[in-house]
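Inspection log for the structure reproduced underneath, given as structure tokens.
The values are calculated or read from the model by the stated rules, or taken from the named source; none is laboratory data. Bear in mind that the values here come from a model prediction, so they are computed numbers and not experimental data. Using ideal geometry, Cβ is built from the backbone for each residue, glycine included, and neighbour counts are taken over all protein chains shown. The area values use the complete protein model at the heavy-atom level, side chains included, leaving out ligands, DNA and RNA. Shrake-Rupley method; radii C 1.70, N 1.55, O 1.52, S 1.80 Å.
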Number of protein chains: 2
Amino acid sequence: MATAALDTHELIALSLLAEGPLYGYAISQRARSRSSGDVTLTPGVLYPLLKRLEKGGLILGEWDEVKSERAAGDAPGRRRKWYRLTPRGAKRLHAQAEAHRAHARMVEAFLTAPEGSA
Amino acid sequence: MATAALDTHELIALSLLAEGPLYGYAISQRARSRSSGDVTLTPGVLYPLLKRLEKGGLILGEWDEVKSERAAGDAPGRRRKWYRLTPRGAKRLHAQAEAHRAHARMVEAFLTAPEGSA
DNA sequence: ACAGATATGTTGACATCCGATATATTGACA
DNA sequence: TGTCAATATATCGGATGTCAACATATCTGT
């Protein structure tokens, strides 16, 4: 532990992907709605994060081409990159979850300090 | 909230100072012992932190000259800077404590995700 | 005299956060 | 048809915090 934060953003992203594959924008939307607006994964945070996670082998991305109904046949279409949790990512999620709880307990111990403990 | 970490180090330092005045080194020792070795406030973290807190008016520092028994009369002696919480610091402590709990609850909500919630 | 604990600080490398900027597609509405 | 908001991805640069390492000096025990 030693320090602290443990990357809340990472933990949130991994936990959302644990429920099934999602693309970046969907992750940010779910993070926002599930936290009642408290968590905002801006592009500047989200995409570097996903890149890190993929590079670390915790998630796996796959491009998808979404075709619109009224688009031309050879039009590029909107790109989506779907991510899914790897076994290693799932393992990390559980480890980080436990670390987060341990961290919360640790801080709580300082806050509820029994007056006479050095 | 939006982001996360909320400066655990700050919260720990403030909580320790809420129990009474302490100098830097004592803070690091207490942080270590109370967390059973998990929290290590290295000089590179501790002193910039104390500087920030003092600059922000959350704590107030006062130098103390400790004289040793076998030192010469005009010897400089060991310096200690005692810090105490200001009213503003106490207010911040409570706010940060509440923020920390809210943050922990928020993360926990992601971890204990009720399968069928978008 | 020496080593280890006490005590405070700075420095530089590294990572993350976050607002701003950029590009392109899609859907809705006028 | 034009335009605007939402969708969808991504990068950039400034600011901040972390941390090991370096630096200095005093005190205590042997």
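Per residue of B:94-103, count partner chain C-beta atoms within 10 Å of its C-beta, then hand back the mean as an integer.
On the way: counts 1, 0, 2, 5, 1, 0, 6, 4, 1, 6.
Taking all residues of B:94-103 together, the mean is 3.
Under 1.5 on a/c is rounded, so check that first for chain B, then, if it is not, pick prolate when a/b is larger than b/c and oblate when it is not; a ≥ b ≥ c are the square roots of the alpha carbon gyration tensor eigenvalues.
prolate
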Once the convex hull of the alpha carbons of the protein assembly as shown is built, what does its volume come to per residue, in cubic angstrom?
171
Provide an ascending nm list, one decimal, of label-point separations from A:Ala26 to the equivalent residue in each further copy; define each label point as 7 Å from Cα along Cα→Cβ.
5.6
Percent accessible area from carbon and sulfur atoms, region B:1-61, protein chains only, probe 1.4 Å
55
Computed for A with B: buried accessible area summed over both chains, 1.4 Å probe, rounded to 100 Å², at 3000
Accessible area per residue for region B:39-99 in Å², computed with a 1.4 Å probe and the full protein assembly in place, what is it?
72
Need one value for A:20-30: mean number of C-beta atoms belonging to other chains within 10 Å of its residues' C-beta atoms.
1
Counting other chain Cβ atoms within 10 Å of each Cβ in B:57-65 and taking the mean gives 0
